[in-house]
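Take a look at the structure below.
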Amino acid sequence: MKRFLCAVLAGAMVLSLAACGSSSESTAVDETAEAEAEEPAEESEDTEGKVYIIGTDTTFAPFEFQDASGNQIGIDMDLLAAIAADQGFEYEINVLGFDAAVQALESRQVDGVIAGMSITEARKESFDFSEPYFDSGVIMGVAADSDITGYEDLAGQKVAVKQGTEGSSFAESIADEYGFELVTFADSAMMYEDVVAGNSAACFEDYPVLGYAIVQGLELKTVTEKEQGSSYGFAVPKGENAELLEMFNAGLANIQADGTYDEILATYIAEE
C-alpha cells in the first residue's frame with residue numbers, strides 16, 4: 001500500500017511540473033509575439049518621399065480660385081508648383097477656405113498653408129512663416145477714360161470702397177485731407193460697377209485684386225503708386241516642418257532670380 005501511494009504521489013508531481021513548463025513556454029511565446037507586433041511602432045518615421053498636405057482658400061482671386069474646369073489656379077498655386085519643382089518635393093492641395101485652413105494648420109491636419117496669408121505678429125505666435133513672397137498694398141482705380149491722375153483730383157467727389165478692407169481704411173484716413181466723400185459697398189463687383197457707371201470718381205482696393213480684375217476686362221485703370229500694405233507668407237506650424245519651410249524659401253529665391261516669379265505675377269496682375 002505504501003509503495004502504491006508513493007507511486008501515485010510521484011506521478012502527480014511529474015504531471016504538475018509538466019503543466020508548469022507548458023504554461024511558461026506558452027507565456028514566453030505570447031510575449032515574443034507581442035514584442036514582434038510592437039516593433040513597427042518603434043521605428044522612426046521615414047520622411048523620404050513624403051507628400052506634404054498644403055491647405056488653401058477656396059477663392060481669393062488672383063491668388064487662389066477655380067477655373068471653368070474646376071481646377072484650383074492662381075498666383076499661390078503657380079508659385080507653389082514652381083517652388084516644388086525647383087526643390088523636388090511633392091505636395092497635395094487641400095481646398096478648405098481661409099479660416100478652415102488656418103484652423104487645420106493649428107491642429108496639425110495640414111503641413112502648411114498658402115492662401116494670401118498676411119504675416120502678422122499675432123500669427124507668428126502660432127506659426128512659422130517663410131520669407132514674404134508678395135507685398136500687398138492699396139491702390140486707386142478710376143474709369144478707363146477718366147482724367148483723374150491723383151488724390152488731389154478727388155476733391156468734392158464720391159469715392160467707392162468695400163466695407164472692412166484695407167482699401168476702405170486707407171480711403172478713410174485721407175478723405176478729410178483731400179475732401180472726398182466715401183460710398184461703401186458690400187463687395188468688390190458692386191464697387192467697381194459704381195465707378196464704371198460714373199457714380200463714383202474712384203475706388204480703393206488691394207492692388208493685386210484690382211489688377212487681376214483689370215486683366216479680366218474690367219474697364220478701370222490704376223493711376224497711383226500702391227500704398228504699402230501687408231506681406232503674404234507661406235506658413236507651417238510653430239517649430240515644425242522646418243525642412244519644408246527651408247525648401248520654400250530656397251525655391252522662392254531661385255524662381256525670383258530666374259524670372260519665373262515675375263512671369264507668374266504678370267499672368268494675373270495688370271501693372272500700369
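A quick yes/no check of all residues on (1) among the β-branched types (V, I, T); (2) closer than 13 Å to G167 by Cβ; (3) in contact with a Leu (Cβ under 9 Å, 6 or more places away or on another chain):
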residue	(1), (2), (3)
Y192	no, yes, yes
C203	no, yes, yes
L218	no, no, yes
F234	no, no, yes
E240	no, no, no
D258	no, no, no
E263	no, no, no
T267	yes, no, no
Exercise. In this structure, does E121 turn out to be acidic (D, E) and touching a residue at least 12 places away in the same chain (Cβ under 8 Å)?
Worked result: no
Problem set entry | Selected residue (criterion: most open to solvent (accessible area, probe 1.4 Å)) from residues of the stretch 217-233 that are part of a loop (DSSP other than H, G, I, E, B) and under 21 Å from Q157 (Cβ atoms) | E225
Exercise. Hey, among the residues in the stretch 162-200 that are touching a strand residue (DSSP E or B) at 6+ places or on another chain (Cβ under 8 Å) and β-branched (V, I, T), which one's surrounded by the most Cβ atoms within 10 Å (Cβ to Cβ)?
Worked result: V195
Exercise. Using beta carbons and a limit of 6 Å, which pairs, at least six apart or on different chains, have the first residue in the stretch 201-216 and open to solvent by 20 Å² or more (accessible area, probe 1.4 Å) and the second one of a type in the set (F, W, Y)?
Worked result: Y212/Y268
Problem set entry | Single unsatisfied condition, D147 versus (1) modelled with pLDDT of 95 or more; (2) in a helix (DSSP H, G or I) | (2)
Exercise. Can you tell me how many residues in the stretch 45-73 are small (G, A, S) and either without any contact (Cβ under 8 Å) to a residue 40 or more places away in the chain or out of contact with any Gly (no Cβ under 9 Å at 6 or more places or on another chain) (or both)?
Worked result: 4
Exercise. Limited to the stretch 58-87, what total is found for residues that are within 18 Å of L252 (Cα to Cα), of a type in the set (D, E, K, R) and assigned to a loop (DSSP other than H, G, I, E, B)?
Worked result: 0
For this session: Please state which of the following conditions E243 fails to meet, knowing it meets all the rest: (1) at pLDDT below 95; (2) under 19 Å from the mean Cα position of the chain (by Cα); (3) over 22 Å from I73 (Cβ atoms); (4) assigned to a helix (DSSP H, G or I).
Result: (1)
For this session: Could you tell me whether any residue of the stretch 166-178 is outside any helix (DSSP H, G or I) and either within 28 Å of the chain's Cα centre (by Cα) or at pLDDT 95 or above (or both)?
Result: no
Exercise. Is there any pair with a first residue in the stretch 173-191 that is on the phi > 0 side of the Ramachandran plot and a second that is open to solvent by less than 60 Å² (accessible area, probe 1.4 Å) whose Cβ atoms are under 8 Å apart and which are 6 or more apart or on different chains, and what are they?
Worked result: G179/L154
Problem set entry | Residue check for D153: farther than 25 Å from M247 by Cβ, open to solvent by 30 Å² or more (accessible area, probe 1.4 Å) and either in contact with a Pro (Cβ under 9 Å, 6 or more places away or on another chain) or not aromatic (F, W, Y) (or both) | yes
Problem set entry | Output for the stretch 88-138, where each listed residue is assigned to a loop (DSSP other than H, G, I, E, B), at pLDDT below 90, hydrophobic (A, V, I, L, M, F, W, C) and under 11 Å from the mean Cα position of the chain (by Cα) | M117
Problem set entry | E193 being closer than 20 Å to T59 by Cβ, charged (D, E, K, R) and under 33 Å from the mean Cα position of the chain (by Cα) | yes
Problem set entry | For G55: the one exception among (1) part of a strand (DSSP E or B); (2) surrounded by fewer than 18 Cβ atoms within 10 Å (Cβ to Cβ) | (2)
For this session: Take the stretch 234-272 and flag every residue that is among the hydroxyl-bearing types (S, T, Y) and open to solvent by less than 70 Å² (accessible area, probe 1.4 Å).
Result: T260, Y261, Y268
Exercise. Does A104 fit the bill of being open to solvent by less than 30 Å² (accessible area, probe 1.4 Å), closer than 12 Å to F248 by Cα and in contact (Cβ under 8 Å) with a residue 12 or more places away in the chain?
Worked result: no
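The values are calculated or read from the model by the stated rules, or taken from the named source; none is laboratory data. Keep in mind that what you see is a predicted model, and the values were worked out from it rather than measured. For neighbour counting, all protein chains shown are included, and Cβ atoms are generated from backbone atoms with ideal geometry for every residue, glycine included. What goes into the accessible areas is simple: the full protein's heavy atoms, side chains included, and nothing from ligands, DNA or RNA. Shrake-Rupley method; radii C 1.70, N 1.55, O 1.52, S 1.80 Å.
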